[in-house]
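Here the structure comes first, spelled out in structure tokens, and everything after it is commentary.
Quick note: the coordinates plus some simple rules give every number you see, no bench work behind them. This one's a predicted model, so the numbers in the text were calculated from it and none came from an experiment. FYI the Cβ positions are ideal-geometry reconstructions off the backbone, even for glycines, and counts take in every protein chain you see.
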Amino acid sequence: MKELNSYKIMSMKNLINSARTILEKEGIDAITIRKVGDLSGFNSATMYNYFENLEHLKVFVCLFSFEEYLDDIKNYIKKSDDEIMYNYFAVWECFLLHTMKNVDVFYTLFFNQLNRSISEYVDEYYSVFPREEKDYGDVINSMLKNYSIESRNILMVKDIAKKGYIEENSIDFINDLTSFTYESILFRVYKGFMSPEEGKTQIMKYVRSILESKLIEK
């Protein structure tokens, strides 16, 4: 994306906010170039000066909403890498709360087939809308820079093993089963087969059970 001046950045925010209004009222599938144009006052053709296509706009809308989760992390964790067990469950609690408040957003970011990699979109998004870096400790800082469930979770699971709570040969089992659980239950919620509250409760139950089943007895 070309370097943008302040007017273009404000215009992009206007378009994103209009798309978010549609997202909140009707869901992500209801977002169209025409609807966003009508709501924002932009000509549909003009919108392509800011976004290359509808997917581009939708992903930016999702990332804008995802910021709420990133800003909320601080209210859940203890800022010490020595609190890895507490923080592992706390991060999942926060993540699931925001997942189930924004099912369309999280499903789109983590599991939809996109024309470009999510990391490309993320890099571009933060080049336009830079955010203040916050220090949550090395492990969580690294985790928050990943946009794959497996990559995010395994960083914390590896640190749990490093601290001696689980065996190293349990890392992949815990990470794979936890990631599969999140994806499968989120899919059921996304399709309307399960309520968001039930989905949150079920995933958290399995997250705890999977890890606790591999804890080393002391």
Tilt relative to the chain, helix 54-72 - C-alpha long axis, 0 to 90 degrees, to 10:
50
On Cα atoms only, tilt of 118-128 relative to the major axis of the chain in degrees:
60
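On full extension of the chain, what length is gained from Leu97 through Asp29, given 0.36 nm per residue of separation minus the C-alpha to C-alpha distance?
Values: separation 68, 0.36 × 68 = 24.48 nm, distance 2.18 nm.
Additional length available on full extension: 22.3 nm.
Enter the mean projected area of the convex hull around the alpha-carbon atoms of the chain, in nm², rounded to one decimal. It would help to have the intermediate numbers written out before the result.
Details: hull surface 50.3 nm².
About 12.6 nm², averaged over all directions.
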Taking Cα atoms of the stretch 94-218, Rg/Rh with Kirkwood Rh, to two decimals?
0.99
Sites Arg208 and Ser119 - FRET efficiency at Förster radius 30 Å, r taken between beta-carbons, to 0.05
0.50
How far is helix 6-26 tilted, in degrees, relative to the longest principal axis of the Cα atoms in the chain, given as a value from 0 to 90 rounded to the nearest 10?
70
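Restricting to DSSP H runs of at least four residues, report the calculated mean residue ellipticity at 222 nm for the chain, -39500 (n - 2.57) per run over all residues, nearest 500 deg cm²/dmol.
On the way: 11 runs with 148 residues, N = 218.
Result for the chain, helices only: -21500 deg cm²/dmol.
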At 7 Å along the Cα-to-beta-carbon direction for both Val128 and Leu215, put a label point, then send me their distance in nm to one decimal.
4.5
At R0 = 41 Å, FRET efficiency that the Cβ-Cβ distance of Tyr7 and Ser195 yields, to 0.05
0.45
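Magnitude of the Cβ-charge dipole of the chain, K/R +1 and D/E -1, about the Cα centre, nearest 20 debye? Before the final figure, lay out each step's value.
Values: 27 positive and 34 negative charges, 91 e Å.
Result for the chain is approximately 440 debye, rounded to the nearest 20.
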Which of Lys74/Lys158; Lys79/Lys200; Lys79/Lys145; Lys74/Lys163; Lys101/Lys162 exceed 26 Å between C-alpha atoms? The answer is Lys101/Lys162
Charges on Cβ only, +1 for Lys and Arg, -1 for Asp and Glu, centred on the Cα centroid of the stretch 51-156; of Leu97, Ser119, Ser148, which one is farthest towards the dipole's positive end?
Leu97
Any residue on another chain or 5+ positions along whose placed amide H is under 5 Å from the amide H of Ile166 is listed here as Ala161, Ile216
